[in-house]
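S.K.: Just dropping this structure here.
The values are calculated or read from the model by the stated rules, or taken from the named source; none is laboratory data. Keep in mind that what you see is a predicted model, and the values were worked out from it rather than measured. With ideal geometry, Cβ positions are generated from the backbone for all residues, glycine too; neighbour counts draw on all protein chains shown.
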Amino acid sequence: MQYANFYSLFDVSPVPMWVFDTDTLKFLEVNRAAVVNYGYSKDEFLDMTLRDIRLAEEVEQVEKFVSQNAETGSYFRKIFRHRRKNGEEISVEVQSNLINYKDHKARIVLATDITDKLKAERNLLKSEERFKALVQDGSDLITILDSDFHYQYVSPASVKVFGVEPSFFIGRDPFQYIHPDDKERVVVEAKQIWSKRKIQLSPYRYKDSCGNWIWIETCATNLLNDPAVEGIVCTSKDITERIAADMIIRENIERYNIVSKATSDVIWDCDFKQNRITWNKALKGILKYSGKNQTTFDWWKEHIHPEDQEKVLEKFQRHLDEGKEKWSDEYRFLCGDGKYRYIFDRGFLLVDENNAPSRMIGAMQDISKRKEEEQWSKLLESVVINTSDGVLITDASPYPGPYIVYVNDAMLKMSGYAEKELIGKSPAILHGEANDQCELDVLKEAIEKGMECTLELKNYTKNGRPYDVSITICPVTDSKKQLTNWISIQRDVTKQKEYLNAIEEQNARLRNIRWLQSHGVRAPLARIMSLVELLGMSQSKEETAELIDYLQISAAELDQIVTAIANETPKG
């Protein structure tokens, strides 16, 4: 039964298997996979020996190898070359062990065809050698960066391009060698590698081993998820000569662009070597200098406002020393009408063959009006910041908005909240639980209609203390009359309301006094008057005495009423 199971597994195995006699090398049994793979029928196999499927030059070696293993009986695993019936050579990995098969000292063999595997490995090796040759001998610099943009690999071309061995860069940050003026732009472009598999960086300057700046162009491919690479592969070229060749063309194009964009501005062309500035007609129209189109460079320096001169000239000279292409600054300039105007000035630097500044072409723009608006803006900002009234600004978002975007210090002091506790919240946070106030409906209607309104509400501080507040809200619109924000001016009127309530209480007491005067005093006084009249008409002593008693009682009652009134009267 065990033999039957063994034979069944042997015969259906997808890997070629056979059993051979270790003395004669004759096949004793083969499975179906061997028949299919080698092309011999089973009967043909059983008439053959191992010698028939081996290469002629290896037969002697096979006989010796089998003989040695027959004595030791050890398991072995080795790669051999076999030949199929059609003469095709194949590579097989043979695993063999000693067994006793039908009274024969034999070995069972598992022969795995690895021809395609070895071929693939050879092709891969050849590809790797080809890649290595291209990387080492090519003029382009090949680098691999990790996910933190640090060098993992640098090709030998680094010596040719930068004058530094590849090992110098390993683990370093490439951005530290990029020109400061280019670094920010390159960093932004490099981050696109996370959303795009392949990116092309615009040309940038990179420092070589001598401290010189060379122009580099880089193409990067994200292969971090490729297990064979696990990095960002960059191919870089030295394009310094190309940039230099393009400089003349770019000079003319840049000049044209500046002029075309600034036709209403003062256009100037400064020749540093000749100490001369050539101006366009705007020198007369904007700067109010007539009768000239050329001045010296020193003339421009002298007309800068004395308070701005040192700062402007220091920045300008630093720009020239560093060789930066674009310069800009704001300053006051003395015009031909004797007035100083705020100027926004910018220029494009041109250098000679020695990389020294030779010319600068630029444009001046009168920004005096903008400066006035900025000053007014700062003044209004100062008013908002320093006013004792609370100022709260919201956006114009619909329900459940609007939301608070700004509060001044007075608003924070009034409400007891910190700024971060109010920004982004609805102004309803100030109403606390008193959200049933009728005035809130008025406020809601005004917001829905985009109208200004003034009302009084009861707000609550952060710790729950109620306070009365007078609120004026105003809509803010943009140039297209579209609502953008709401401004709320809030004033704490709690003390005012307390004062008004006190006055109302005082008035109520005065009304009581008037009532006492008109009703309480009137009755005893009328009796006294009547008694006095009767007293004058009295004819007997007894009647007179009785009338005087009544008069005294009425007078005492009147005195009590007057005393009570005096005690109720508010003291001024």
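S.K.: Where residues in segment 198-223 are assigned to a loop (DSSP other than H, G, I, E, B) and surrounded by 12 or more Cβ atoms within 10 Å (Cβ to Cβ), which of them is modelled with the highest pLDDT? First the steps, then the outcome.
M.R.: Step one: filter segment 198-223 for residues assigned to a loop (DSSP other than H, G, I, E, B), giving 208-212.
Filter again for surrounded by 12 or more Cβ atoms within 10 Å (Cβ to Cβ), leaving 208-209, 212.
Details: D208: 88, S209: 86, N212: 91.
So, considering only residues that are assigned to a loop (DSSP other than H, G, I, E, B) and surrounded by 12 or more Cβ atoms within 10 Å (Cβ to Cβ), the one modelled with the highest pLDDT is N212.
S.K.: Restricting attention to segment 58-70, does a residue exist that is out of contact with any Cys (no Cβ under 7 Å at 6 or more places or on another chain), of a type outside the set (S, T, Y), outside any helix (DSSP H, G or I) and assigned by TED's automatic domain parsing to the domain that holds D103?
M.R.: The first filter runs over segment 58-70 and keeps only residues out of contact with any Cys (no Cβ under 7 Å at 6 or more places or on another chain), leaving 58-70.
In the following step, the residues that additionally are of a type outside the set (S, T, Y) were identified as 58-66, 68-70.
Adding the requirement that they be outside any helix (DSSP H, G or I) leaves none.
Within segment 58-70, none of the residues are out of contact with any Cys (no Cβ under 7 Å at 6 or more places or on another chain), of a type outside the set (S, T, Y), outside any helix (DSSP H, G or I) and assigned by TED's automatic domain parsing to the domain that holds D103.
S.K.: Do the conditions hold for E456, that is, is it modelled with pLDDT of 90 or more, more than 36 Å from the chain's Cα centre (by Cα) and acidic (D, E)? So that I can check it myself, show each step before the final result.
M.R.: Values: modelled with pLDDT of 90 or more: no; more than 36 Å from the chain's Cα centre (by Cα): yes; acidic (D, E): yes.
Considered against the rule, which asks whether it is modelled with pLDDT of 90 or more, more than 36 Å from the chain's Cα centre (by Cα) and acidic (D, E), E456 comes out as no.
S.K.: While we're here: From (1) at pLDDT below 80; (2) assigned by TED's automatic domain parsing to the domain that holds N459, pick out the condition that doesn't hold for E381.
M.R.: The number of the failed condition is (2).
S.K.: Does at least one position in segment 1-22 carry a residue that is of a type in the set (S, T, Y), within 60 Å of the chain's Cα centre (by Cα) and either outside any helix (DSSP H, G or I) or at pLDDT 90 or above (or both)? Let's see the steps before the verdict.
M.R.: Here is the first cut: in segment 1-22, the ones of a type in the set (S, T, Y) are 3, 7-8, 13, 22.
Now drop any that are not within 60 Å of the chain's Cα centre (by Cα), which leaves none.
No; the residues of segment 1-22 include none that is of a type in the set (S, T, Y), within 60 Å of the chain's Cα centre (by Cα) and either outside any helix (DSSP H, G or I) or at pLDDT 90 or above (or both).
S.K.: Looking at segment 310-322 only, could you name the residues that are of a type outside the set (K, R) and either free of Cβ contacts under 8 Å to residues at least 12 places away in the same chain or exposed (fewer than 14 other Cβ atoms within 10 Å of the Cβ) (or both)? Please lay out each step first, then the result.
M.R.: Just the residues of segment 310-322 that are of a type outside the set (K, R), to begin with: 310, 312-314, 316-317, 319-322.
E310, E314, Q317, D321, E322, listed by residue number.
Conditions tested, residue by residue: (1) of a type in the set (G, A, S); (2) surrounded by 15 or more Cβ atoms within 10 Å (Cβ to Cβ); (3) within 22 Å of T484 (Cβ to Cβ).
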site: M411; (1), (2), (3): no, yes, yes
site: S415; (1), (2), (3): yes, yes, no
site: E419; (1), (2), (3): no, no, yes
site: S426; (1), (2), (3): yes, yes, yes
site: H431; (1), (2), (3): no, yes, no
site: D436; (1), (2), (3): no, no, no
site: K444; (1), (2), (3): no, no, yes
site: R465; (1), (2), (3): no, no, no
site: S470; (1), (2), (3): yes, yes, no
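S.K.: Follow-up. Give segment 360-378 a look and list any residue that's among the polar types (S, T, N, Q) and modelled with pLDDT under 75, or say none.
M.R.: Residues of segment 360-378 that are among the polar types (S, T, N, Q), as a first pass: 365, 368, 375, 377.
Scanning segment 360-378 gives a single hit, S377.
S.K.: To continue, here is another question. Would you mind telling me which numbered condition in (1) over 30 Å from E456 (Cα atoms); (2) loosely packed, with under 11 Cβ neighbours inside 10 Å F344 fails?
M.R.: For F344, the failing item is (2).
S.K.: Can you tell me which residue among D337, D271, D352, D298 is surrounded by 14 or more Cβ atoms within 10 Å (Cβ to Cβ) and either in contact with a strand residue (DSSP E or B) (Cβ under 6 Å, 6 or more places away or on another chain) or touching a residue at least 12 places away in the same chain (Cβ under 8 Å) (or both)?
M.R.: None of the others qualify; the one that does is D271.
S.K.: Here's a follow-up. Is it fair to say E330 is at pLDDT below 85 and surrounded by 15 or more Cβ atoms within 10 Å (Cβ to Cβ)?
M.R.: no
S.K.: Right, next: When segment 317-334 is examined, which residues are found to be in a strand (DSSP E or B), in contact with a helix residue (DSSP H, G or I) (Cβ under 8 Å, 6 or more places away or on another chain) and basic (K, R)? Write out each step before concluding.
M.R.: At the first step, the residues of segment 317-334 found to be in a strand (DSSP E or B) are 326-334.
Okay, now just the ones that are also in contact with a helix residue (DSSP H, G or I) (Cβ under 8 Å, 6 or more places away or on another chain), so 327, 329, 331-332.
R332 - this is the single residue of segment 317-334 that is in a strand (DSSP E or B), in contact with a helix residue (DSSP H, G or I) (Cβ under 8 Å, 6 or more places away or on another chain) and basic (K, R).
S.K.: State the number of residues belonging to segment 71-119 that are part of a strand (DSSP E or B) and without any contact (Cβ under 8 Å) to a residue 12 or more places away in the chain. First the steps, then the outcome.
M.R.: Applying the first criterion (part of a strand (DSSP E or B)) to segment 71-119 yields 76-83, 89-101, 104-113.
Filter once more, so that each one left must be without any contact (Cβ under 8 Å) to a residue 12 or more places away in the chain: 100.
Number satisfying all stated conditions: 1.
S.K.: So which residues in segment 365-414 are of a type outside the set (S, T, N, Q) and in a loop (DSSP other than H, G, I, E, B), if there are any at all? It would help to see each step written out before you state the result.
M.R.: First pass over segment 365-414, keeping only residues of a type outside the set (S, T, N, Q): 366-367, 369-374, 376, 378-381, 383-385, 389-393, 395-396, 398-407, 409-414.
Once the filter is applied, which keeps residues that are of a type outside the set (S, T, N, Q) and in a loop (DSSP other than H, G, I, E, B), segment 365-414 yields I367, D389, A396, P398, Y399, P400, G401, P402, Y403.
S.K.: While we're here: More than 30 Å from W279 (Cα to Cα) and at pLDDT below 85: which single residue out of N408, N463, N435 fits that description? Explain how you work it out, then say what you get.
M.R.: On the way: N408 fails: at pLDDT below 85; N463 fails: at pLDDT below 85.
Going through N408, N463, N435 in turn, just one is more than 30 Å from W279 (Cα to Cα) and at pLDDT below 85: N435.
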